[in-house]
Structures are given as C-alpha cells and as structure tokens.
Amino acid sequence: MQSKLKYLLSCGVLLSLAFLATPAHAAIMTLIDHNALVEVDPTSQSGLSTWTVDGIDHMYQQWFWYRQGNVAEKSIDTLPLVTSNVFDPEFDGSDNGFFARYQQPGVNGFRLDLLYTLLGGDNGSGTADLAEQIRIRNTGETTLNLTFFQYCDFDLSSVPAGDTGASFNANSVTQSNGVVVVAETVVTPVPARREVNLFSNTLTALNDGVATNLNNNAAALDGDVTWAFQWDITLPVGGTFIISKDKHIQTILVPEPSSALLAGLGLMGLVPLTRRMRRKAG
C-alpha cells in the first residue's frame, strides 16, 4: 500500500486528483482510513489537531511556519487559502487524502501545496501511517529566499506528560510513551536545522514576532515533548522545492499473561532438547 502511494506521489497523480476534487469550505477537514482518523484545520494554527488510532487520540498540534528574509516567521494559515478539500486517492470510498493550496501574490510571491495521505491499519493493531508532501513554487519575479518550519506536539495516549523524545539523526525523530511510539522520517530533503524541546518553548519562539532559528538540540528529553524541523530554501523564478515526510504510530502489543506463560513454558521445554541435540552433535 505504501509503495503504491509513493509511486502516485512521485508521479504527481495524488496532487492532480486533489486539486480536481470539489473545493470544500468547512474549516475542519476529516480523513478516515480503517482504524485511523485525522482532523485538519487549514485556516488556523490548530492545523492537524487530531490523530486517533483505534479510538485513542495521540495528536495535540502539528503545523507549519514560514519566513521571507529576516522578518519574523508566520504560520501558513496567514497566507491566502486558494482551496482545501479531502479526497479518495484509492477510490475505495474512504476520504483519506487532504489537500490545501496557499498563494502569496506579488513580485515576491509563491505557491504552497500541502498534501496528506492517511493509511490506517487493521482494527486493534494500534498502527497508522501519515504520508506528507509540501510543495513550494516560486511564482514571483525574483529569487525566493524562504525559511520553512514544521512544528509537532504529540500527546501520546492523550497524555501530555511522560513522553520521551529524541532526534537520532538530522532527518528523523522518535517519541514514546509506554507502549506507544511515533516516529517521523524526512525522506527528502534533509532539514537544515532541528529541535527537540518541551512545550511550549518552540511554539512560543515561532510566535514571538522575532526571526527564529531552531537550536539543533537532538538529545533525549522527558515530559511534554515537542519537535520541529527547519528548511532554508533558495528558489529561482519558477523553481520548485518539495518536502516528503512520513509519520508512523505503533502500539507495541503486549501478549496476554496466559500467552506469555505458554510461550515461556514452550521455551523451557526446548532447552533440554537443545542441549541433547548439542551433545549428539558433539
């Protein structure tokens, strides 16, 4: 399933389908696929504010900010919204795709397309996947110098505290709380900067009216963990910049006590047999 969607993304098929879909005007867009549900508000910083898997909500906020030059960054919902809608990329009766297009007009203008594809798992599996693509095109008349941010605040199992988060390399981050783990990988391109922090330090910095650069902290933190990525973009007139990312939520299933006991007994029974086989081989 994932390879099929990646192929469609690479061909631009999903983007075409999304733009051809009937525009929607409601603020909250809902994506559903199997055991997963996502809600996105493209008109406010709430952004992606719900991601339930098997009925449990793990998301508090994910959204995007941009900066042109050295002025303060702004969230993308401050840009004129051309269209936003949900659509059915697999033609299976489930609207699990989301598309939004923003347009900054003028000499220094640019177009920003945001595309989500939700892939749920089997009911009770505790797993789901969210593929994301951001496409920025310079529609102005001069070279575009843009800084772009993604900010994430997961509250795994709907619990704000008690998480552990770390960025193990420049393009990935992992956050866990008990048996629930969320991981994000930036497929391309590698971000220029990153930041693992505690709520609401990064969010405050993005909204304080001063130009911000992420602090590159990647070390593990415990608590109400957040993370962010930053891309520094230079685009010629007509040039395009594409960010492809993937998020995966997984619940580590713990075996029932009876199953664990049986497995243990089975392993105990194998020990003498293994020893006998080794003696025989010797």
* Structure fact -> Here the residues within the stretch 95-120 that are over 25 Å from His58 (Cα atoms), open to solvent by less than 30 Å² (accessible area, probe 1.4 Å) and part of a loop (DSSP other than H, G, I, E, B) are Gly109
* Pick out the one residue from Leu118, Leu144, Leu112 that is within 16 Å of Glu39 (Cβ to Cβ), among the aliphatic types (A, V, I, L, M) and in contact (Cβ under 8 Å) with a residue 40 or more places away in the chain. => Leu118
* How many residues, within the stretch 121-159, are closer than 14 Å to Ile249 by Cβ, assigned to a strand (DSSP E or B) and of a type in the set (A, V, I, L, M, F, W, C)? -> 5
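Looking at the structure I just gave you, is Ser158 surrounded by fewer than 18 Cβ atoms within 10 Å (Cβ to Cβ), modelled with pLDDT under 95 and more than 14 Å from the chain's Cα centre (by Cα)?
On the way: surrounded by fewer than 18 Cβ atoms within 10 Å (Cβ to Cβ): yes; modelled with pLDDT under 95: no; more than 14 Å from the chain's Cα centre (by Cα): yes.
No; evaluated as a whole, the condition is false for this residue.
Restricting attention to the stretch 176-201, report how many residues are of a type in the set (Val, Ile, Thr) and open to solvent by 30 Å² or more (accessible area, probe 1.4 Å). Give the steps one after another, and end with the answer.
Keep residues of the stretch 176-201 that are of a type in the set (Val, Ile, Thr), which gives 179-182, 185-188, 190, 196.
Next, from what is left, pick out any that are open to solvent by 30 Å² or more (accessible area, probe 1.4 Å): 179, 181, 185, 187-188, 190.
Result for the stretch 176-201: 6.
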* To do: Give the residue that is most open to solvent (accessible area, probe 1.4 Å), with candidates limited to residues of the stretch 62-89 that are in a strand (DSSP E or B) and among the polar types (S, T, N, Q).
  => Gln68
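Tell me the residue from Asp57, Asp92, Asp129 that is surrounded by fewer than 19 Cβ atoms within 10 Å (Cβ to Cβ), within 19 Å of the chain's Cα centre (by Cα) and of a type in the set (D, E, K, R), please.
Details: Asp92 fails: within 19 Å of the chain's Cα centre (by Cα); Asp129 fails: surrounded by fewer than 19 Cβ atoms within 10 Å (Cβ to Cβ).
Step by step, each of Asp57, Asp92, Asp129 is checked, and only Asp57 is surrounded by fewer than 19 Cβ atoms within 10 Å (Cβ to Cβ), within 19 Å of the chain's Cα centre (by Cα) and of a type in the set (D, E, K, R).
Per-residue answers, yes or no, for (1) at pLDDT below 95; (2) hydroxyl-bearing (Ser, Thr, Tyr); (3) open to solvent by 50 Å² or more (accessible area, probe 1.4 Å); (4) in a helix (DSSP H, G or I):
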{"site": "Ala166", "(1), (2), (3), (4)": "no, no, no, no"}
{"site": "Thr174", "(1), (2), (3), (4)": "no, yes, no, no"}
{"site": "Leu203", "(1), (2), (3), (4)": "no, no, no, yes"}
{"site": "Leu214", "(1), (2), (3), (4)": "no, no, no, no"}
{"site": "Ala219", "(1), (2), (3), (4)": "no, no, yes, no"}
{"site": "Asp222", "(1), (2), (3), (4)": "no, no, yes, no"}
{"site": "Phe229", "(1), (2), (3), (4)": "no, no, no, no"}
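The values are calculated or read from the model by the stated rules, or taken from the named source; none is laboratory data. These numbers were taken from a predicted model, which means no experiment stands behind them. When we count neighbours, we look across all protein chains shown, and the Cβ atoms used for this are built from the backbone with ideal geometry, even at glycine. Please note that ligands, DNA and RNA were not included when accessible areas were found on the heavy atoms of the full protein model with its side chains. Shrake-Rupley method; radii C 1.70, N 1.55, O 1.52, S 1.80 Å.
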